[in-house]
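Before any comments, here is the structure.
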Amino acid sequence: MLVDGVWTEDWQPVQAKDDQGRFIRQTSSFRHWITRDGSAGPTGHAGFKAEKGRYHLYVGYICPWASRTLMARALKGLTEVIDIAVVNPRLSDQGWRFGGFAQSAPDTLNGAEYLHQLYTKADPHFTGRATVPVLWDKQTQTIVSNESADIVRMLNTAFIDLVQQGPDLYPADLADDIDKLNECMYKSLNNGVYQAGFATTQQAYEEAYHTVFNTLDALEARLSDGRQYLFGDRFTEADIRLFVTLIRFDAAYYGLFKCNRNQIKEMPQLHGYMLRVLALEGISSTINLEHIKAGYYSINALNPNGIVPIGPQQI
């Protein structure tokens, strides 16, 4: 991680843990917002106006949080408005790096070798972990946001004067219900699989394991009434949050993270739902199974020999 702008130690997957061995995730550090007119958003400073070609999104296909932003970018028709750079999925001793893997190229925009160099370019005294996604402003040469939830919401509304496409991912009449479901899924599923995988005690692992599958069972039941998405026929950001975990489950979480009661393909409602979302225009381009497997199985603490499983080779 970085301490006062200086890289201090090899990358470790467990960001923090409590006294029961439970994995604790770091909070995001840059929380500015792109808005239609450049006014300030809910957090951060003003000055980030929605403009074509001004912003650059750094992502990793391995990362579900980064994948959320890629999905929003595709669904809202912003692929020609915001360009992207993809990190190497295999974690290095200095965290995310550029190039050296298919579909991961050198950082031609800023010339960084490692993602953490972008953080210190934005803040020379930054302390913390360098995570994806990173939404970069070419004009002011700084990070707008590294919080995926905020980025999804700004992509949903900020660029509507430039592009009017795709579903409203956070409709006002569903906002409260979306927030409640998001919070539940984050704690028990999106982050729950990580709490199982990175648990350092049996108690913490079993607690997370049961929470993950209780949540999956509840979502399987929710979809059993024939609805297309989590809120009926309306696709929202809650569907993005669920999909990015489901698509990685059988390839990574089932085996490496020991969430192995069953695979998603054995849950007919969730599996069918996952395939429906995958079939939406632009979504398949946001998924790279080889990156996902190579990335997760490069975590030395969980897979010291670095052997990447051959299967699954398709969703």
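The values are calculated or read from the model by the stated rules, or taken from the named source; none is laboratory data. Being a predicted model, the structure only gives us computed values, none of them experimental. FYI the Cβ positions are ideal-geometry reconstructions off the backbone, even for glycines, and counts take in every protein chain you see. In case anyone asks, the SASA skips ligands and DNA or RNA and just uses the protein heavy atoms, side chains included. Shrake-Rupley method; radii C 1.70, N 1.55, O 1.52, S 1.80 Å.
In this structure, Leu109 qualifies as open to solvent by 20 Å² or more (accessible area, probe 1.4 Å), in a loop (DSSP other than H, G, I, E, B) and of a type in the set (A, V, I, L, M). All of Asp168, Asp176, Asp150, Asp161 fail the test of being outside any loop (DSSP other than H, G, I, E, B), over 28 Å from Arg97 (Cα atoms) and not polar (S, T, N, Q), apart from Asp176.
Taking the criterion of being of a type in the set (S, T, N, Q) and either closer than 18 Å to Gly255 by Cβ or in contact (Cβ under 8 Å) with a residue 40 or more places away in the chain (or both), the residues of region 183-210 that qualify are Asn190, Asn191, Gln195, Thr200, Thr201, Gln203.
Looking at the structure I just gave you, is Ile299 in contact (Cβ under 8 Å) with a residue 60 or more places away in the chain and within 30 Å of Gly77 (Cβ to Cβ)? In short, no. Restricting Arg129, Arg54, Arg97 to residues that are over 14 Å from the mean Cα position of the chain (by Cα), among the charged types (D, E, K, R), more than 19 Å from Ile151 (Cβ to Cβ) and open to solvent by 10 Å² or more (accessible area, probe 1.4 Å) narrows the list to Arg97. Scan region 71-117 residue by residue and report those that are in contact with a His (Cβ under 6 Å, 6 or more places away or on another chain) and under 25 Å from Gly53 (Cβ atoms). Correct list: Asp83, Leu109. In region 245-269, what count of residues is obtained for those that are over 12 Å from Val193 (Cα atoms), out of contact with any Phe, Trp or Tyr (no Cβ under 6 Å at 6 or more places or on another chain) and among the hydrophobic types (A, V, I, L, M, F, W, C)? Residues meeting the conditions: 3. Taking the criterion of being surrounded by fewer than 20 Cβ atoms within 10 Å (Cβ to Cβ) and polar (S, T, N, Q), would at least one residue in region 173-186 satisfy it? Yes, because at least one residue in region 173-186 is surrounded by fewer than 20 Cβ atoms within 10 Å (Cβ to Cβ) and polar (S, T, N, Q). Can you tell me which of (1) open to solvent by 30 Å² or more (accessible area, probe 1.4 Å); (2) more than 12 Å from Leu246 (Cβ to Cβ); (3) assigned to a loop (DSSP other than H, G, I, E, B) is the one Ile299 doesn't meet? Result: Ile299 fails condition (1) only. Condition first: at pLDDT below 95 and crowded, with 17+ Cβ neighbours inside 10 Å. Now tell me which residues in region 57-93 satisfy that. The answer is Leu91, and nothing else. Is at least one residue of region 242-254 more than 13 Å from Pro64 (Cβ to Cβ) and open to solvent by less than 10 Å² (accessible area, probe 1.4 Å)? So far as region 242-254 goes, no, none of its residues is more than 13 Å from Pro64 (Cβ to Cβ) and open to solvent by less than 10 Å² (accessible area, probe 1.4 Å). So, of the residues in region 20-51 that are modelled with pLDDT under 95 and of a type in the set (S, T, N, Q), which turns out to be surrounded by the fewest Cβ atoms within 10 Å (Cβ to Cβ)? Checked region 20-51; the qualifying residue surrounded by the fewest Cβ atoms within 10 Å (Cβ to Cβ) is Thr27. Look at (1) touching a strand residue (DSSP E or B) at 6+ places or on another chain (Cβ under 7 Å); (2) open to solvent by 60 Å² or more (accessible area, probe 1.4 Å); (3) at pLDDT 95 or above; (4) among the basic types (Lys, Arg) and you find that Lys17 fails only one, number (3). Return yes when Glu290 is among the acidic types (Asp, Glu), modelled with pLDDT of 95 or more and not in a helix (DSSP H, G or I) and no when it is not. No, not satisfied. Checked against (1) small (Gly, Ala, Ser); (2) in contact with a strand residue (DSSP E or B) (Cβ under 7 Å, 6 or more places away or on another chain); (3) open to solvent by 30 Å² or more (accessible area, probe 1.4 Å), Gly166 passes all but a single condition, namely (2).
Name the pairs: first residue in region 211-235 and open to solvent by less than 70 Å² (accessible area, probe 1.4 Å), second residue assigned to a strand (DSSP E or B), Cβ to Cβ under 8 Å, at least 6 apart or on different chains? Between residues of region 211-235 that are open to solvent by less than 70 Å² (accessible area, probe 1.4 Å) and residues that are assigned to a strand (DSSP E or B), the close pairs are Phe235/Tyr229.
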